[in-house]
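Trainee: Shown below is the structure under consideration.
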Amino acid sequence: PKVDKLSSEVVDSNPYSRLMALQRMGIVKDYEQIRNKTVAVVGMGGVGSVAAEMLTRCGIGRLLMYDYDKVELANMNRLFFRPEQCGMTKTDAAAQTLAGINPDVALESYTMNITTLEGFDAFKATLETAPGSGTSRVDLVLSCVDNYEARMTINQVCLELNQTWMESGVSEDAVSGHIQVVAPGETACFACVPPLVVASGIDERTLKREGVCAASLPTTMGIVAGLLVQNSLKYLLHFGQVTQYLGYSSLKDFFPTMDIKPNTHCTNALCRQRQAEWAVGAPAREAAAAAA
Ligand code: ATP
């Protein structure tokens, strides 16, 4: 009995074995698969940094992090970064903290603006199996940026690599947010249903209101990060139901969900091509589902 007690203590002190309780309880078939997964987090702000920490604590195999900004004291009303990290790039500061939390995760820090011409190419190259291969080496891309231009860049790169990604956002007043799965050809891409201001041709940079600064609640950002990583784990480890769109309105605690089908008239030709490819694969998918 003594030996049993000792071995169970050893097992319980291992963070992975605690997480693997999900496997023992029959929720996740093979939790250890998390060690073979690679996730890219674009934007290490209020949502992205917390999402990166959650994935690190879950034991993700490889984590790629992108941001062009540095840590500032003004960021301290969000979770994750610490005052002594002010002046460091967000990606380097994140890598420093996350390596301390879980040294088994392979961390890659990319300080870059993904929307410039060179940034676009560099961003795409870091996601590719080999330069110019057109295939992705990551299992999922998480968009945690705060502007339309960066989201459209992620959309384009992921359409080119046929890579599923998840979009996230927190409203300017910080009381609501959403997450959305974008699977090329299968669900709406980011250009299929543009936000109204963009569809009306208004430059989002002109939208900043005088004297109004975007509010940031660590609560809303933390909740959206949690919803995003929960959906990511379900997607990566194949359990539960992956939600295509999940909204969160904190004032009424309202969580709307919906599926967003691709727009057959999407302005992005590559999206229309991916839709055609997805339709071609439909009979094979239906046969596989029937056999399962
Ligand atoms: P605030 O805008 O309120 O000062 P923030 O800049 O931290 O805060 P968040 O919404 O918390 O904004 O996070 C968004 C993150 O996405 C930021 O860290 C920002 O630097 C990053 N980001 C936005 N656009 C790009 C881009 N084109 N390339 C790389 N990172 C980007």
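Trainee: Dividing the convex hull volume of the alpha carbon atoms of the chain by its residue count, what do you get in Å³ per residue?
Mentor: Convex hull of Cα atoms, per residue: 174 Å³.
Trainee: Considering the chain as a Gaussian network with a 10 Å cut-off on Cα pairs, which listed residue, 87, 169, 281, attains the greatest mean-square fluctuation?
Mentor: Sorting by GNM fluctuation, first place goes to 281.
Trainee: Quick check: Cα centre of segment 44-108 to Cα centre of segment 124-153, how many Å?
Mentor: Value for the Cα centre distance between the two parts: 18 Å.
Trainee: Then there's this: For residue 260, what residues show an amide H to amide H distance below 5 Å, using hydrogens built from the backbone and excluding near sequence neighbours?
Mentor: Long-range HN contacts for residue 260: 188.
Trainee: Normalised by the number of residues in segment 89-187, what is the relative contact order in percent for Cα pairs under 8 Å and 6+ residues apart? Display every interim value, and only then the final one.
Mentor: Details: 110 pairs, mean separation 17.6, N = 99.
With pairs under 8 Å counted, the relative contact order is 18 percent.
Trainee: Provide the per-residue ³J(HN,Hα) series for segment 161-176, in order, calculated from phi with Karplus coefficients 6.51, -1.76, 1.60 and θ = phi - 60°, each as a whole number of Hz, with x at glycine and proline positions.
Mentor: 8, 6, 10, 5, 9, 10, 9, 9, x, 10, 5, 4, 7, 6, 9, 8
Trainee: For the chain, what does -39500 (n - 2.57) per DSSP helix run (n ≥ 4), summed and divided by total residues, give at 222 nm, in deg cm²/dmol to the nearest 500? Don't skip to the answer; put the middle values down first.
Mentor: Details: 11 runs with 114 residues, N = 292.
Rounded to the nearest 500, it is -11500 deg cm²/dmol.
Trainee: In sequence order, what are the phi-derived ³J(HN,Hα) couplings for segment 178-187 according to the Karplus relation 6.51 cos²θ - 1.76 cosθ + 1.60 with θ = phi - 60°, rounded to whole Hz, with x for glycine and proline?
Mentor: Those phi angles translate into 7, 10, 8, 8, 10, 10, x, x, 8, 10 Hz.
Trainee: For the cross-link pairs 29/70; 70/261; 124/252; 37/70; 90/234; 70/252, which exceed 30 Å when the distance is taken from alpha carbon to alpha carbon? Write out the running numbers ahead of the final one.
Mentor: On the way: 29/70 40 Å; 70/261 37 Å; 124/252 39 Å; 37/70 28 Å; 90/234 27 Å; 70/252 34 Å.
From 29/70; 70/261; 124/252; 37/70; 90/234; 70/252, over 30 Å: 29/70; 70/261; 124/252; 70/252.
Trainee: If amide hydrogens are placed 1.01 Å from N in the peptide plane, which non-local residues have theirs closer than 5 Å to the one on residue 136?
Mentor: 129
Trainee: Over the chain, what relative contact order in percent results from Cα pairs under 8 Å that are six or more residues apart?
Mentor: On the way: 486 pairs, mean separation 50.1, N = 292.
It rounds to 17 percent for the chain.
Trainee: What residues qualify as long-range amide H neighbours of residue 166, i.e. H under 5 Å apart, gap of 5 or more or another chain, H built at 1.01 Å from N?
Mentor: Those qualifying (amide H under 5 Å, at least 5 residues apart or on another chain) are 141, 142, 143, 182.
Trainee: May I pose another question? Given a 1.4 angstrom probe, what's the average accessible area per residue across the chain, in square angstrom? Working shown, then result.
Mentor: Numbers: 15180 Å² over 292 residues.
For the chain, the per-residue accessible area is 52 Å².
Trainee: Just to be sure I understand: with springs between alpha-carbon atoms less than 10 Å apart, which residue in 147, 263, 14 has the highest mean-square fluctuation in the Gaussian network model of the chain?
Mentor: In this elastic network of the chain, the residue with the biggest mean-square fluctuation among 147, 263, 14 is 14.
Trainee: So, one more: For a Förster distance of 22 Å, can you work out the FRET efficiency between the beta-carbons of residue 24 and residue 106, rounded to the nearest 0.05? Spell out each step's value before the answer.
Mentor: Details: r = 27 Å, r/R0 = 1.21.
E(calc), rounded to 0.05, equals 0.25.
Trainee: Step through the residues of segment 259-271 one at a time and calculate ³J(HN,Hα) from phi using the Karplus curve (6.51 cos²θ - 1.76 cosθ + 1.60, θ = phi - 60°), rounding each to whole Hz and writing x for Gly and Pro.
Mentor: 9, 10, 6, x, 8, 5, 9, 3, 5, 8, 4, 5, 4
The values are calculated or read from the model by the stated rules, or taken from the named source; none is laboratory data. Only a predicted model underlies this, so the values are computations on that prediction, with no experimental measurement involved. All Cβ positions, glycine included, derive from the backbone under ideal geometry; neighbour counts span all protein chains shown. Remember, those area values only see protein heavy atoms, side chains included, never the ligands or the DNA or RNA. Shrake-Rupley method; radii C 1.70, N 1.55, O 1.52, S 1.80 Å.
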